[in-house]
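All remarks here apply to the structure that follows.
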Amino acid sequence: MTRFSAVFLAFALAASVQAQTFPAKPLKLVVPFGPGGSSDVVGRIMAEGAGEALGQPMLIENVPGAGGNIGTARAARAAPDGYTLIECTIGTCAINPSIYAQVGYDLSKDFAPVFLVGGVMNVFTVHPSTAIRSIADLVAYAKANPGRLPTAIGGVGSSNHITPVWFASIAGLDMLYVPFKGSGDSITALLSAQVLFFVDNEPSILPQIKSGKVRPLAVTGPRRSAFLPDVPTMEEVGYKGFVIEPWYGFQAPAGTPRAAVEKLNAAFNAAIRNPRIKPRLEEAGLRLIGGAPERLGEQIRSESERWAKVVKANNIKAE
């Protein structure tokens with residue numbers, strides 16, 4: 001055996017041993033938004049299920065800021081050993097590259113897709129102190145009070161940002177946008193009537209709707225929500241093609257061994273089949289997808305193309 005062959009064999013054996021023992025310590029899932037929002041809710045449920053399947057805990061690290069760009073960029077620089085993952089959202093993995101001059105990462109070069117969890121829908125909500133009870137009422141109020149309807153933006157670049165701005169562009173409205181770091185802060189502001197209008201992902205706003213603390217007006221899914229059967233879709237109230245389904249997935253730094261990616265993918269697939277985990281995700285409003293790592297890669301490519309067109313057509317910017 002030549003020296004080159006011996007070295008190659010040693011590396012191959014080391015890689016094989018690593019694949020068999022991975023994971024040998026706790027893992028970290030970076031959620032690029034603050035606690036309390038839908039990304040945090042989904043991330044924590046999935047981390048619990050995947051950790052159980054892997055036999056090692058998956059710990060959450062919330063790194064909010066810049067619409068998720070700060071946490072995502074930090075995760076891109078992590079060691080590509082499978083022990084650090086980043087939660088991927090419609091904002092960080094589809095919208096942000098079109099509205100920010102610099103996001104601090106390159107989706108096609110810095111990450112390896114691991115898993116696509118599934119999608120939800122957004123809900124148009126208002127504070128119950130208002131007389132607004134429908135999308136038509138919302139439009140009428142905004143037109144009668146240009147620039148005076150305080151509207152929460154739950155993270156620039158997120159679907160909580162793109163949805164009301166796109167809606168305002170279509171309906172010809174002038175809103176007063178109030179930016180927050182994430183959905184959790186926006187919900188707090190809505191509950192205290194600091195803002196009167198907020199479009200949020202169903203998982204995080206649903207508890208507030210059920211308790212009567214906020215009033216739902218419409219959902220952005222292609223069909224009504226099973227949890228809000230009396231709330232119409234945006235298409236039903238006249239906005240054809242206004243369908244937005246925020247989604248969640250997980251990526252690893254580029255260069256992460258394929259064996260680690262496959263083991264992580266298997267653990268996440270096991271999580272969405274887990275009889276303790278699956279109902280919690282579905283109760284949060286998720287339409288579960290799963291599948292191979294490549295399914296997330298396809299989602300990122302197709303959604304990036306779609307939202308680049310929407311951003312350009314409506315002149316949406318990160319302001």
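The values are calculated or read from the model by the stated rules, or taken from the named source; none is laboratory data. What you see is a predicted model; the values in this text were computed from it and never measured. Cβ: placed from backbone, ideal geometry, glycine included. Neighbour counts: every protein chain shown. Surface accessibility is based on the protein's heavy atoms, side chains included, excluding ligands, DNA and RNA. Shrake-Rupley method; radii C 1.70, N 1.55, O 1.52, S 1.80 Å.
Numbers at a glance
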| read-out | value |
| --- | --- |
| Qualifying residue in segment 209-218 (condition: more than 25 Å from Ala136 (Cβ to Cβ) and not hydroxyl-bearing (Ser, Thr, Tyr)) | no |
| Whichever residue in segment 206-222 is more than 20 Å from the chain's Cα centre (by Cα) and not aliphatic (A, V, I, L, M) and, among such residues, is most open to solvent (accessible area, probe 1.4 Å) | Lys210 |
| Subset of segment 170-205 (residues that are at pLDDT below 95, among the aliphatic types (A, V, I, L, M) and open to solvent by less than 10 Å² (accessible area, probe 1.4 Å)) | Ile205 |
| Failed condition for Arg280, given (1) closer than 24 Å to Cys93 by Cα; (2) open to solvent by 40 Å² or more (accessible area, probe 1.4 Å); (3) part of a helix (DSSP H, G or I) | (1) |
| Any hit, segment 293-310, residues being in contact with an Asp or Glu (Cβ under 9 Å, 6 or more places away or on another chain), modelled with pLDDT of 95 or more and of a type outside the set (Ser, Thr, Tyr) | yes |
| Complete set of residues in segment 64-93 that are among the aliphatic types (A, V, I, L, M), modelled with pLDDT under 95 and open to solvent by less than 10 Å² (accessible area, probe 1.4 Å) | Ile90 |
| Looking only at segment 137-167, and only at residues there that are surrounded by fewer than 19 Cβ atoms within 10 Å (Cβ to Cβ) and not charged (D, E, K, R), the one that is nearest to Ile205 (Cα to Cα) | Pro150 |
| Matching residues in segment 94-109 - criterion: being within 18 Å of Val261 (Cα to Cα) and either in a helix (DSSP H, G or I) or open to solvent by 50 Å² or more (accessible area, probe 1.4 Å) (or both) | Ser108, Lys109 |
| Residues satisfying the stated conditions in segment 100-126, i.e. in contact with a Phe, Trp or Tyr (Cβ under 9 Å, 6 or more places away or on another chain) and farther than 23 Å from Arg224 by Cβ | Tyr105, Phe111, Pro113, Val114, Phe115, Leu116 |
| Residue among Pro203, Pro146 that is of a type outside the set (S, T, N, Q) and over 20 Å from the mean Cα position of the chain (by Cα) | Pro146 |
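One line per residue, one yes/no per condition, for (1) over 27 Å from Met46 (Cα atoms); (2) touching a strand residue (DSSP E or B) at 6+ places or on another chain (Cβ under 9 Å); (3) free of Cβ contacts under 8 Å to residues at least 12 places away in the same chain:
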residue: Val139; (1), (2), (3): yes, no, no
residue: Ala144; (1), (2), (3): yes, no, yes
residue: Ser159; (1), (2), (3): no, yes, no
residue: Thr163; (1), (2), (3): no, yes, no
residue: Ser169; (1), (2), (3): yes, no, no
residue: Asp174; (1), (2), (3): yes, no, no
residue: Pro179; (1), (2), (3): yes, yes, no
residue: Gly182; (1), (2), (3): no, yes, no
residue: Phe198; (1), (2), (3): no, yes, no
